Amino acid sequence: MDLKKILPVFSYIFHPIFVSIYGTLFFFLIANSFFYNSQIIVTLIQVTILTLLLPLSMYFLFRSLGIVSSFTEASISERKMPIAVQAILLFVLIKFSVSRDTVSELYFFFLGGFLSSVIVLASVILKFKASLHMIGISALTCFIFGLSMYYQMPFVNLIAFCIVCIGLVASSRLYMKAHTYTELIAGIIIGAGPQVFFISIGYKINT
């Protein structure tokens, strides 16, 4: 098996556009007993529309207009509009869909994602290309780790798997010549930092 031929697959599986769905599904998988089925379905629909379907629609629109050229690889100039749209949609999700009173864990997860989007947008304006893939997978890993601590459920194997996936995604981005080591490390910091910060805040509020 040639690992180098498989590596690009991880850039698609863990594309940042899917991270919100992964996080939401995992949260309801372990906390479904605390919610009505209708609450779960409505939240999943809202998250899917605002973090997946609308961004995908905007991507195809931007591509048709020549604003972006690739789903997994984009230049600094091509990043501004998609990232700005992502930040706006996450703000809408936090403001009108995911309430801190009902799903506080998801609220802080998406709040961390919003802050990461703002930071990476600022970095793009400053002509620095942090890895969006590393931001996404790092944020998801920290979210799972935070849920593990909060619910006292030792997801040791899953967390280990996520850490391995971080390495595979990083290797994929290097193999595809999409990023440098510095850009990958910056992505990890931008993705994990806000999540760790809001995990600590959420833990203090809920305990």
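The values are calculated or read from the model by the stated rules, or taken from the named source; none is laboratory data. These numbers come from a predicted model, not from an experiment. Every residue, glycine among them, receives a Cβ derived from its backbone with ideal geometry; neighbour counts consider all protein chains shown. Each accessible area value is taken on the protein alone, full model and side chains, heavy atoms only, with ligands, DNA and RNA left out. Shrake-Rupley method; radii C 1.70, N 1.55, O 1.52, S 1.80 Å.
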Self-check item: Heavy-atom surface of segment 1-112, accessible at 1.4 Å and reported per residue (Å²)
Solution: 54 Å²
Quiz prompt | the chain - mean residue ellipticity at 222 nm from DSSP helices (-39,500 (n - 2.57) per run, n ≥ 4, rounded to 500) | solution = -25000 deg cm²/dmol
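Any idea what the dipole of segment 1-155 comes to, in debye rounded to 20, about its Cα centre with Lys/Arg Cβ at +1 and Asp/Glu Cβ at -1? Working shown, then result.
On the way: 9 positive and 5 negative charges, 78 e Å.
Dipole size: approximately 380 debye.
If a helix is a whole DSSP H run, which ones in the chain reach 18 Å or further along their own axis (Cα) and hold a mean Kyte-Doolittle hydropathy of at least -0.5?
Those that pass (Cα extent of 18 Å or more, hydropathy at least -0.5) are 16-31, 76-92, 104-125, 132-150, 156-175, 181-206.
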Quiz item: In whole percent, how big is the carbon plus sulfur part of the accessible area of the chain, probe 1.4 Å, protein atoms only?
Solution: 71 percent
Practice problem: For the chain, take the alpha-carbon Rg, divide it by the Kirkwood Rh, and send me Rg/Rh. | Solution: 0.96
